[in-house]
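Trainee: One structure, pasted below without further comment.
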Amino acid sequence: MTLWGGRFSEPTDEQLRALNDSIGFDRRMYRQDIAGSIAYARAIALAGVLTPDEADTIIAGLRQVLAEFEAGAFELKPGDEDIHTAVERRLTELVGAVGGKLHTGRSRNDQVGTDFRLWVLDAISVVDRLLNDLQGALLGQAEQHIETLMPGYTHLQPAQPITAAHWLMSFFWMLARDRERLADVRRRTSVSPLGSGALAGTPFPIDRDALAEALGFHSCSQNSLDAVSDRDFAAEFLFALALLGTHLSRLAEDIILYSNPRLGFITLDDRYSTGSSLMPQKRNPDPAELARGKAGRLIGNLTGLLVTLKGLPSTYNKDLQEDKEAVFDSFDTMTTLLPVITAVVHTLSLNPNAMRAALTEDMLATDLADYLVKKGLPFRQAHHVVGQAVSEAARQNVPLSRLSLEVLHGLSPLFEVEVTEVFDFAASVARRAAPGGTAPAAVRQQIEAAKQMLGV
Ligand code: ARG
(Lines give C-alpha, C1' and ligand atoms only; values in the text may rest on other atoms or scores of the structure.)
Protein backbone atom coordinates (compact mmCIF):
# COMPACT_ATOMS: atom_id res chain seq x y z
CA MET A 1 0.00 0.00 0.00
CA THR A 2 1.30 3.41 -0.89
CA LEU A 3 0.36 6.51 1.10
CA TRP A 4 -1.15 8.11 -1.96
CA GLY A 5 -3.16 5.26 -3.51
CA GLY A 6 -6.67 6.74 -3.20
CA ARG A 7 -7.15 7.84 -6.78
CA PHE A 8 -5.62 4.73 -8.34
CA SER A 9 -7.38 1.50 -9.12
CA GLU A 10 -4.26 -0.48 -9.97
CA PRO A 11 -1.00 -0.82 -8.07
CA THR A 12 2.18 0.72 -9.40
CA ASP A 13 4.11 -1.39 -11.88
CA GLU A 14 6.96 -3.28 -10.21
CA GLN A 15 9.60 -1.96 -12.58
CA LEU A 16 8.45 1.62 -12.13
CA ARG A 17 8.63 1.08 -8.41
CA ALA A 18 12.23 -0.02 -8.67
CA LEU A 19 13.00 3.12 -10.64
CA ASN A 20 10.95 5.43 -8.45
CA ASP A 21 11.91 4.25 -4.97
CA SER A 22 14.57 6.19 -3.15
CA ILE A 23 14.41 4.35 0.17
CA GLY A 24 17.56 2.43 -0.79
CA PHE A 25 19.62 5.56 -0.39
CA ASP A 26 17.51 8.13 1.45
CA ARG A 27 17.01 5.95 4.52
CA ARG A 28 20.27 7.37 5.78
CA MET A 29 18.30 10.58 6.47
CA TYR A 30 16.10 8.83 9.04
CA ARG A 31 17.35 10.96 11.94
CA GLN A 32 16.70 14.20 10.12
CA ASP A 33 13.32 12.96 8.91
CA ILE A 34 12.20 12.05 12.40
CA ALA A 35 13.61 15.23 13.95
CA GLY A 36 11.72 17.20 11.30
CA SER A 37 8.51 15.32 12.06
CA ILE A 38 8.79 15.78 15.82
CA ALA A 39 9.26 19.53 15.39
CA TYR A 40 6.44 19.61 12.85
CA ALA A 41 4.08 17.76 15.21
CA ARG A 42 4.75 20.39 17.89
CA ALA A 43 4.26 23.21 15.39
CA ILE A 44 0.89 21.96 14.14
CA ALA A 45 -0.21 21.29 17.70
CA LEU A 46 0.46 24.96 18.48
CA ALA A 47 -1.49 25.83 15.34
CA GLY A 48 -4.46 23.86 16.71
CA VAL A 49 -4.27 21.02 14.16
CA LEU A 50 -3.40 18.42 16.80
CA THR A 51 -4.51 18.30 20.41
CA PRO A 52 -1.65 18.24 22.92
CA ASP A 53 -2.43 14.56 23.56
CA GLU A 54 -2.34 13.69 19.89
CA ALA A 55 0.98 15.48 19.54
CA ASP A 56 2.40 13.57 22.50
CA THR A 57 1.22 10.27 21.04
CA ILE A 58 2.74 11.05 17.66
CA ILE A 59 6.03 12.23 19.16
CA ALA A 60 6.30 9.13 21.34
CA GLY A 61 5.63 7.00 18.27
CA LEU A 62 8.27 8.85 16.26
CA ARG A 63 10.79 8.29 19.07
CA GLN A 64 10.02 4.61 18.89
CA VAL A 65 10.54 4.57 15.12
CA LEU A 66 13.87 6.32 15.70
CA ALA A 67 14.84 3.70 18.28
CA GLU A 68 14.07 0.96 15.75
CA PHE A 69 16.31 2.60 13.17
CA GLU A 70 19.08 3.12 15.71
CA ALA A 71 18.88 -0.52 16.76
CA GLY A 72 18.95 -1.69 13.14
CA ALA A 73 15.54 -3.19 13.77
CA PHE A 74 13.47 -1.08 11.39
CA GLU A 75 11.77 -3.35 8.88
CA LEU A 76 11.10 -2.07 5.41
CA LYS A 77 7.82 -3.06 3.80
CA PRO A 78 6.72 -3.01 0.19
CA GLY A 79 5.34 0.46 -0.49
CA ASP A 80 8.00 2.18 1.61
CA GLU A 81 9.05 4.24 -1.34
CA ASP A 82 11.21 6.72 0.51
CA ILE A 83 12.24 7.57 4.05
CA HIS A 84 9.27 9.89 4.52
CA THR A 85 6.65 7.29 3.61
CA ALA A 86 8.49 4.57 5.54
CA VAL A 87 8.55 6.58 8.77
CA GLU A 88 4.91 7.59 8.44
CA ARG A 89 3.81 4.05 7.65
CA ARG A 90 5.56 2.68 10.72
CA LEU A 91 4.32 5.54 12.92
CA THR A 92 0.75 4.76 11.97
CA GLU A 93 1.30 1.06 12.68
CA LEU A 94 2.56 2.00 16.14
CA VAL A 95 0.10 4.73 17.17
CA GLY A 96 -2.91 4.05 14.97
CA ALA A 97 -4.92 6.42 12.80
CA VAL A 98 -3.78 9.53 14.67
CA GLY A 99 -0.40 9.05 12.94
CA GLY A 100 -2.16 10.01 9.75
CA LYS A 101 -2.66 13.54 11.11
CA LEU A 102 1.06 14.32 11.11
CA HIS A 103 1.23 15.08 7.43
CA THR A 104 -1.47 17.80 7.64
CA GLY A 105 -0.34 20.79 5.61
CA ARG A 106 2.97 19.17 4.88
CA SER A 107 4.20 17.68 1.64
CA ARG A 108 7.11 15.42 0.97
CA ASN A 109 8.34 18.35 -1.09
CA ASP A 110 8.98 20.63 1.89
CA GLN A 111 9.83 17.58 3.99
CA VAL A 112 12.58 16.27 1.75
CA GLY A 113 14.10 19.75 1.44
CA THR A 114 14.12 20.01 5.23
CA ASP A 115 15.64 16.57 5.81
CA PHE A 116 18.28 17.01 3.16
CA ARG A 117 19.34 20.43 4.41
CA LEU A 118 19.65 19.09 7.96
CA TRP A 119 21.71 16.22 6.60
CA VAL A 120 24.02 18.52 4.65
CA LEU A 121 24.47 20.74 7.72
CA ASP A 122 25.73 17.72 9.68
CA ALA A 123 27.89 16.64 6.74
CA ILE A 124 29.52 20.08 6.61
CA SER A 125 30.51 19.75 10.26
CA VAL A 126 32.04 16.33 9.65
CA VAL A 127 34.09 17.48 6.65
CA ASP A 128 35.16 20.62 8.49
CA ARG A 129 36.54 18.59 11.40
CA LEU A 130 38.47 16.35 9.01
CA LEU A 131 39.92 19.42 7.29
CA ASN A 132 41.01 20.77 10.64
CA ASP A 133 42.95 17.53 11.18
CA LEU A 134 44.62 17.68 7.79
CA GLN A 135 45.61 21.30 8.37
CA GLY A 136 47.08 20.23 11.71
CA ALA A 137 49.15 17.53 10.00
CA LEU A 138 50.47 19.99 7.40
CA LEU A 139 51.30 22.48 10.14
CA GLY A 140 53.09 19.83 12.19
CA GLN A 141 55.30 18.85 9.25
CA ALA A 142 55.92 22.46 8.28
CA GLU A 143 57.18 23.31 11.75
CA GLN A 144 59.87 20.64 11.35
CA HIS A 145 61.08 22.05 8.04
CA ILE A 146 61.22 25.81 8.30
CA GLU A 147 64.90 25.79 7.34
CA THR A 148 64.81 22.84 4.94
CA LEU A 149 65.69 23.93 1.41
CA MET A 150 64.16 22.42 -1.69
CA PRO A 151 63.65 23.36 -5.34
CA GLY A 152 60.52 25.30 -6.17
CA TYR A 153 59.01 24.71 -9.61
CA THR A 154 56.98 26.55 -12.19
CA HIS A 155 56.00 24.71 -15.37
CA LEU A 156 57.52 21.74 -13.51
CA GLN A 157 60.93 23.26 -14.35
CA PRO A 158 63.39 24.18 -11.59
CA ALA A 159 62.60 27.79 -10.70
CA GLN A 160 63.86 29.11 -7.35
CA PRO A 161 64.89 27.62 -4.04
CA ILE A 162 62.16 27.55 -1.42
CA THR A 163 61.74 26.14 2.06
CA ALA A 164 59.90 22.86 2.49
CA ALA A 165 57.66 24.44 5.13
CA HIS A 166 56.56 26.99 2.58
CA TRP A 167 55.62 24.21 0.16
CA LEU A 168 53.63 22.36 2.84
CA MET A 169 51.90 25.49 4.08
CA SER A 170 50.71 26.39 0.59
CA PHE A 171 48.19 23.55 0.97
CA PHE A 172 47.18 24.73 4.43
CA TRP A 173 45.82 27.93 2.90
CA MET A 174 43.94 26.14 0.14
CA LEU A 175 42.20 24.11 2.84
CA ALA A 176 41.53 27.28 4.85
CA ARG A 177 39.59 28.61 1.87
CA ASP A 178 37.77 25.27 1.54
CA ARG A 179 36.65 25.61 5.14
CA GLU A 180 35.50 29.17 4.54
CA ARG A 181 33.55 27.96 1.54
CA LEU A 182 31.88 25.25 3.62
CA ALA A 183 30.96 27.83 6.26
CA ASP A 184 29.43 29.93 3.52
CA VAL A 185 27.46 26.94 2.19
CA ARG A 186 26.29 26.33 5.75
CA ARG A 187 24.77 29.82 5.90
CA ARG A 188 22.64 29.27 2.83
CA THR A 189 21.78 25.67 3.75
CA SER A 190 20.51 26.73 7.15
CA VAL A 191 17.17 27.99 5.83
CA SER A 192 14.06 25.95 6.60
CA PRO A 193 11.63 25.12 3.79
CA LEU A 194 9.23 23.42 6.23
CA GLY A 195 5.78 24.96 6.07
CA SER A 196 5.95 25.51 2.31
CA GLY A 197 3.57 22.64 1.65
CA ALA A 198 3.72 21.05 -1.78
CA LEU A 199 4.49 24.38 -3.46
CA ALA A 200 1.98 27.07 -2.50
CA GLY A 201 2.44 27.33 1.26
CA THR A 202 0.41 26.06 4.18
CA PRO A 203 -3.14 27.11 5.10
CA PHE A 204 -2.51 26.35 8.80
CA PRO A 205 -1.27 29.10 11.11
CA ILE A 206 2.14 27.52 11.68
CA ASP A 207 4.84 29.66 13.30
CA ARG A 208 7.44 28.88 10.65
CA ASP A 209 10.16 30.90 12.36
CA ALA A 210 9.75 28.98 15.60
CA LEU A 211 9.67 25.72 13.65
CA ALA A 212 12.88 26.63 11.84
CA GLU A 213 14.53 27.55 15.11
CA ALA A 214 13.42 24.32 16.78
CA LEU A 215 15.26 22.41 14.05
CA GLY A 216 18.40 24.53 14.35
CA PHE A 217 17.93 26.50 11.12
CA HIS A 218 18.83 30.15 11.30
CA SER A 219 15.77 31.29 9.34
CA CYS A 220 12.86 30.10 7.22
CA SER A 221 12.43 30.47 3.48
CA GLN A 222 10.64 33.48 1.98
CA ASN A 223 9.03 31.86 -1.05
CA SER A 224 7.38 28.45 -1.04
CA LEU A 225 7.80 27.89 -4.80
CA ASP A 226 11.52 28.50 -4.51
CA ALA A 227 11.81 26.61 -1.23
CA VAL A 228 10.51 23.25 -2.50
CA SER A 229 12.78 23.24 -5.55
CA ASP A 230 15.90 25.03 -4.30
CA ARG A 231 18.86 22.66 -4.43
CA ASP A 232 21.49 25.38 -4.54
CA PHE A 233 22.77 24.20 -1.18
CA ALA A 234 23.38 20.70 -2.58
CA ALA A 235 25.13 22.06 -5.66
CA GLU A 236 27.23 24.41 -3.53
CA PHE A 237 28.18 21.61 -1.17
CA LEU A 238 29.17 19.48 -4.15
CA PHE A 239 31.20 22.39 -5.52
CA ALA A 240 32.96 22.91 -2.20
CA LEU A 241 33.85 19.20 -2.15
CA ALA A 242 34.88 19.21 -5.81
CA LEU A 243 37.24 22.12 -5.27
CA LEU A 244 38.54 20.57 -2.08
CA GLY A 245 39.06 17.38 -4.08
CA THR A 246 40.94 19.40 -6.66
CA HIS A 247 43.24 20.75 -3.93
CA LEU A 248 43.82 17.27 -2.55
CA SER A 249 44.55 16.06 -6.06
CA ARG A 250 47.22 18.73 -6.45
CA LEU A 251 48.79 17.82 -3.13
CA ALA A 252 48.63 14.20 -4.25
CA GLU A 253 50.38 15.00 -7.50
CA ASP A 254 53.26 16.64 -5.59
CA ILE A 255 53.45 13.63 -3.29
CA ILE A 256 53.55 11.26 -6.25
CA LEU A 257 56.22 13.29 -8.00
CA TYR A 258 58.39 14.00 -4.97
CA SER A 259 58.33 10.37 -3.87
CA ASN A 260 59.62 9.23 -7.24
CA PRO A 261 63.09 7.76 -6.51
CA ARG A 262 64.59 10.06 -9.15
CA LEU A 263 63.70 13.01 -6.90
CA GLY A 264 63.37 11.19 -3.57
CA PHE A 265 62.32 14.35 -1.70
CA ILE A 266 59.82 12.46 0.41
CA THR A 267 59.16 8.90 1.51
CA LEU A 268 55.70 7.62 2.28
CA ASP A 269 55.38 5.55 5.42
CA ASP A 270 55.16 1.79 4.84
CA ARG A 271 51.58 1.79 6.12
CA TYR A 272 50.61 4.24 3.40
CA SER A 273 52.48 2.78 0.43
CA THR A 274 51.61 -0.30 -1.52
CA GLY A 275 53.66 -2.90 -3.31
CA SER A 276 53.42 -4.61 -6.64
CA SER A 277 52.27 -8.20 -6.97
CA LEU A 278 54.93 -8.70 -9.63
CA MET A 279 57.81 -6.26 -9.08
CA PRO A 280 59.33 -6.78 -5.65
CA GLN A 281 61.14 -3.43 -5.58
CA LYS A 282 58.02 -1.32 -6.03
CA ARG A 283 56.73 1.19 -3.56
CA ASN A 284 53.65 2.84 -4.94
CA PRO A 285 51.95 5.99 -3.66
CA ASP A 286 48.45 4.54 -4.06
CA PRO A 287 46.70 6.80 -1.54
CA ALA A 288 47.89 9.86 -3.43
CA GLU A 289 46.89 8.35 -6.76
CA LEU A 290 43.44 7.62 -5.36
CA ALA A 291 43.15 11.20 -4.12
CA ARG A 292 44.00 12.37 -7.62
CA GLY A 293 41.55 9.91 -9.14
CA LYS A 294 38.67 10.65 -6.75
CA ALA A 295 38.73 14.31 -7.79
CA GLY A 296 37.26 13.23 -11.12
CA ARG A 297 34.37 11.58 -9.38
CA LEU A 298 33.73 14.59 -7.12
CA ILE A 299 33.67 16.90 -10.12
CA GLY A 300 31.38 14.43 -11.89
CA ASN A 301 28.87 14.52 -9.05
CA LEU A 302 28.76 18.32 -9.19
CA THR A 303 28.39 18.35 -12.96
CA GLY A 304 25.69 15.70 -12.82
CA LEU A 305 23.54 17.66 -10.39
CA LEU A 306 23.93 20.93 -12.29
CA VAL A 307 22.79 19.22 -15.46
CA THR A 308 19.83 17.71 -13.60
CA LEU A 309 18.80 21.14 -12.33
CA LYS A 310 19.31 23.24 -15.40
CA GLY A 311 16.10 22.61 -17.32
CA LEU A 312 13.61 22.08 -14.52
CA PRO A 313 10.30 23.91 -14.70
CA SER A 314 8.86 25.39 -11.51
CA THR A 315 8.67 23.86 -8.87
CA TYR A 316 9.26 20.37 -7.43
CA ASN A 317 9.95 17.71 -10.04
CA LYS A 318 10.96 14.12 -9.39
CA ASP A 319 14.27 14.80 -11.14
CA LEU A 320 15.26 16.41 -7.84
CA GLN A 321 15.44 12.99 -6.24
CA GLU A 322 18.75 12.63 -8.10
CA ASP A 323 20.31 15.18 -5.74
CA LYS A 324 20.90 12.77 -2.90
CA GLU A 325 23.06 10.03 -4.35
CA ALA A 326 25.47 12.62 -5.72
CA VAL A 327 25.78 14.35 -2.37
CA PHE A 328 26.03 11.09 -0.39
CA ASP A 329 28.67 9.79 -2.76
CA SER A 330 30.79 12.93 -2.59
CA PHE A 331 30.50 12.99 1.18
CA ASP A 332 31.40 9.30 1.51
CA THR A 333 34.28 9.71 -0.91
CA MET A 334 35.63 12.70 0.99
CA THR A 335 35.24 11.23 4.45
CA THR A 336 37.02 8.06 3.34
CA LEU A 337 39.79 9.98 1.65
CA LEU A 338 40.56 12.76 4.12
CA PRO A 339 41.66 10.65 7.10
CA VAL A 340 44.02 8.69 4.85
CA ILE A 341 45.55 11.82 3.34
CA THR A 342 45.93 13.27 6.83
CA ALA A 343 47.77 10.13 7.92
CA VAL A 344 49.93 10.20 4.78
CA VAL A 345 50.98 13.77 5.56
CA HIS A 346 51.42 13.06 9.24
CA THR A 347 53.70 10.08 8.63
CA LEU A 348 55.57 11.49 5.64
CA SER A 349 59.37 11.61 5.85
CA LEU A 350 60.99 14.55 4.16
CA ASN A 351 64.53 13.95 2.93
CA PRO A 352 66.40 17.26 3.26
CA ASN A 353 69.56 15.83 1.67
CA ALA A 354 67.79 14.80 -1.51
CA MET A 355 66.01 18.13 -1.65
CA ARG A 356 69.29 20.00 -1.19
CA ALA A 357 70.99 17.87 -3.85
CA ALA A 358 68.34 18.84 -6.38
CA LEU A 359 69.12 22.54 -6.05
CA THR A 360 71.10 23.81 -9.03
CA GLU A 361 72.77 27.16 -9.38
CA ASP A 362 70.67 28.22 -12.33
CA MET A 363 67.87 28.56 -9.75
CA LEU A 364 69.85 31.56 -8.47
CA ALA A 365 69.77 33.34 -11.82
CA THR A 366 67.01 35.64 -10.57
CA ASP A 367 69.15 36.48 -7.54
CA LEU A 368 72.04 37.28 -9.87
CA ALA A 369 69.80 39.64 -11.82
CA ASP A 370 68.63 41.23 -8.55
CA TYR A 371 72.33 41.77 -7.68
CA LEU A 372 72.72 43.87 -10.83
CA VAL A 373 69.44 45.66 -10.11
CA LYS A 374 70.76 46.68 -6.69
CA LYS A 375 73.71 48.24 -8.54
CA GLY A 376 71.36 50.34 -10.60
CA LEU A 377 70.73 48.29 -13.74
CA PRO A 378 67.07 48.22 -14.86
CA PHE A 379 65.68 44.73 -14.24
CA ARG A 380 64.94 44.05 -17.92
CA GLN A 381 68.61 44.62 -18.83
CA ALA A 382 69.80 42.64 -15.81
CA HIS A 383 67.57 39.75 -16.94
CA HIS A 384 69.22 39.85 -20.38
CA VAL A 385 72.77 39.97 -18.99
CA VAL A 386 72.13 37.02 -16.66
CA GLY A 387 70.55 35.13 -19.52
CA GLN A 388 73.81 35.50 -21.39
CA ALA A 389 75.73 34.34 -18.31
CA VAL A 390 73.51 31.23 -18.03
CA SER A 391 74.08 30.49 -21.68
CA GLU A 392 77.84 30.95 -21.33
CA ALA A 393 77.91 28.63 -18.28
CA ALA A 394 76.05 26.02 -20.30
CA ARG A 395 78.52 26.43 -23.17
CA GLN A 396 81.45 25.95 -20.78
CA ASN A 397 79.54 23.16 -19.05
CA VAL A 398 80.10 24.66 -15.58
CA PRO A 399 77.74 25.89 -12.84
CA LEU A 400 76.95 29.60 -12.90
CA SER A 401 79.24 30.31 -9.94
CA ARG A 402 82.23 28.96 -11.88
CA LEU A 403 82.15 31.66 -14.51
CA SER A 404 85.24 33.80 -14.07
CA LEU A 405 84.93 37.40 -13.00
CA GLU A 406 86.51 38.36 -16.36
CA VAL A 407 83.73 36.65 -18.27
CA LEU A 408 81.09 38.27 -16.06
CA HIS A 409 82.77 41.64 -16.43
CA GLY A 410 82.63 41.17 -20.17
CA LEU A 411 78.84 40.89 -19.83
CA SER A 412 78.44 43.79 -17.39
CA PRO A 413 81.02 46.00 -15.68
CA LEU A 414 78.74 46.05 -12.62
CA PHE A 415 79.84 42.52 -11.62
CA GLU A 416 82.39 42.69 -8.81
CA VAL A 417 84.23 40.19 -6.70
CA GLU A 418 81.55 39.86 -4.00
CA VAL A 419 79.18 38.48 -6.64
CA THR A 420 80.14 35.05 -5.26
CA GLU A 421 77.90 35.81 -2.26
CA VAL A 422 74.88 35.46 -4.53
CA PHE A 423 75.56 31.74 -4.90
CA ASP A 424 74.09 30.72 -1.59
CA PHE A 425 70.72 28.95 -1.56
CA ALA A 426 69.97 29.71 2.08
CA ALA A 427 70.75 33.40 1.55
CA SER A 428 68.52 33.46 -1.53
CA VAL A 429 65.62 32.05 0.47
CA ALA A 430 66.29 34.33 3.44
CA ARG A 431 66.03 37.40 1.23
CA ARG A 432 62.41 36.60 0.41
CA ALA A 433 61.28 37.78 3.82
CA ALA A 434 58.37 40.03 2.91
CA PRO A 435 55.07 38.62 4.26
CA GLY A 436 54.01 35.58 2.28
CA GLY A 437 57.56 34.83 1.13
CA THR A 438 59.57 31.64 1.51
CA ALA A 439 62.16 33.01 3.99
CA PRO A 440 62.17 31.17 7.32
CA ALA A 441 61.34 34.47 9.04
CA ALA A 442 58.26 34.95 6.84
CA VAL A 443 57.26 31.30 7.13
CA ARG A 444 57.37 31.59 10.93
CA GLN A 445 54.85 34.43 10.72
CA GLN A 446 52.72 32.38 8.37
CA ILE A 447 52.79 29.45 10.76
CA GLU A 448 51.83 31.75 13.63
CA ALA A 449 48.81 32.98 11.66
CA ALA A 450 47.88 29.39 10.82
CA LYS A 451 48.10 28.34 14.45
CA GLN A 452 45.86 31.19 15.46
CA MET A 453 43.39 30.13 12.84
CA LEU A 454 43.32 26.57 14.20
CA GLY A 455 43.35 27.80 17.78
CA VAL A 456 46.47 25.76 18.65
N1 ARG B 1 11.85 10.82 -2.57
C2 ARG B 1 11.51 12.14 -3.02
C3 ARG B 1 12.79 12.94 -3.25
O4 ARG B 1 13.80 12.48 -2.85
C5 ARG B 1 10.69 12.83 -1.96
C6 ARG B 1 9.78 13.88 -2.48
C7 ARG B 1 8.72 13.26 -3.32
N8 ARG B 1 7.68 14.18 -3.60
C9 ARG B 1 6.71 13.87 -4.45
N10 ARG B 1 5.81 14.77 -4.62
N11 ARG B 1 6.69 12.76 -5.10
O12 ARG B 1 12.78 13.98 -3.86
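The values are calculated or read from the model by the stated rules, or taken from the named source; none is laboratory data. A quick note: this is a predicted structure, and the numbers were derived from the prediction, not measured. Counting neighbours? That spans all protein chains shown, and the Cβs are built from the backbone with ideal geometry, glycine included. SASA here: full protein model, heavy atoms, side chains in, ligands and nucleic acids out. Shrake-Rupley method; radii C 1.70, N 1.55, O 1.52, S 1.80 Å.
Trainee: Order 334-341, 295-302, 449-456 from most to least packed using the mean count of other Cβ atoms within 10 Å.
Mentor: Order by mean packing, descending: 295-302, 334-341, 449-456.
Trainee: Place the peptides 39-45, 260-266, 428-434 in order of packing, highest mean first, counting for every residue the other Cβ atoms within 10 Å and averaging per peptide.
Mentor: Final packing ranking: 39-45, 428-434, 260-266.
Trainee: Next up: Using only alpha carbon pairs under 8 Å that are at least six residues apart, calculate the relative contact order of the range 347-456 and give it in whole percent.
Mentor: Relative contact order, the range 347-456: 20 percent.
Trainee: Next question, about the same structure. Report, in deg cm²/dmol and to the nearest 500, the calculated mean residue ellipticity at 222 nm for the chain, where each DSSP H run with n ≥ 4 adds -39500 (n - 2.57) and the sum is divided by the residue count.
Mentor: -20000 deg cm²/dmol
Trainee: Please sort by residue number the trypsin sites (Lys or Arg not before Pro) in the range 346-392 whose DSSP state is loop and whose Cβ has at most 15 other Cβ atoms within 10 Å.
Mentor: Filter output for the range 346-392: Lys375.
Trainee: How large is ³J(HN,Hα) for each residue in the range 191-203, as worked out from phi by the Karplus curve 6.51 cos²θ - 1.76 cosθ + 1.60 (θ = phi - 60°), to whole Hz, x for Gly and Pro?
Mentor: 10, 8, x, 5, x, 8, x, 6, 6, 9, x, 10, x
Trainee: Rule-of-thumb check for the range 222-262: C-alpha Rg over 2.2 N^0.38 Å?
Mentor: Cα Rg divided by the expected 2.2 N^0.38 Å: 2.04.
Trainee: What order, most packed first, do the peptides 275-282, 79-86 have when packing is the mean number of other Cβ atoms within 10 Å of each residue?
Mentor: 79-86, 275-282
Trainee: Which Cα, out of Pro399, Ala449, Pro413, lies furthest along the positive dipole direction of the range 382-456 (beta carbon charges, K/R +1, D/E -1)?
Mentor: Farthest along the dipole direction, towards plus: Ala449.
Trainee: Right, something else. Considering only protein heavy atoms, what is the solvent-accessible area of Arg186 at a probe of 1.4 Å, reported in Å² to the nearest 10?
Mentor: 80
Trainee: Sort the range 412-455 into rounded, prolate or oblate with this rule: let a ≥ b ≥ c be the square roots of the eigenvalues of the Cα gyration tensor; rounded if a/c is under 1.5, and if a/c is not under 1.5, prolate when a/b is larger than b/c, oblate otherwise.
Mentor: Prolate, because a/c is 1.5 or more and a/b exceeds b/c.
Trainee: Suppose every Lys and Arg Cβ carries +1 and every Asp and Glu Cβ carries -1, with no other charges. What dipole size does the range 47-197 come out with about its Cα centre, to the nearest 20 debye?
Mentor: 460
Trainee: To continue, here is another question. Please report, for the Cα atoms of the range 73-171, the Rg to one decimal and the Dmax as a whole number; what are they, in angstrom?
Mentor: 26.5, 75
Trainee: Can I ask one more? Can you list the lysines whose alpha carbon is less than 28 Å from that of Lys77, not counting same-chain residues fewer than 8 positions off?
Mentor: Lys101, Lys318, Lys324
Trainee: Rg/Rh for the range 306-378 to two decimals, with Rh computed the Kirkwood way over all alpha-carbon pairs.
Mentor: Ratio of gyration radius to Kirkwood radius for the range 306-378: 1.43.
Trainee: Two decimals, Cα atoms only, Kirkwood Rh: what is Rg/Rh over the range 133-190?
Mentor: Ratio of gyration radius to Kirkwood radius: 1.16.
Trainee: Also: So what's the convex hull volume per residue for the Cα atoms of the chain, in Å³?
Mentor: Hull volume normalised by residue count: 207 Å³.
Trainee: Which is farthest toward the positive dipole end of the chain among Val95, Phe171, Ser192, measuring Cα position about the Cα centre, with Cβ charges +1 (Lys, Arg) and -1 (Asp, Glu)?
Mentor: In the chain, that residue is Phe171.
Trainee: Using the alpha carbon gyration tensor of the range 334-438, what are the three equivalent-ellipsoid semi-axes (square root of 5 times each eigenvalue), largest first, in whole Å?
Mentor: Each semi-axis is √(5λ); the values are 37, 16, 12 Å.
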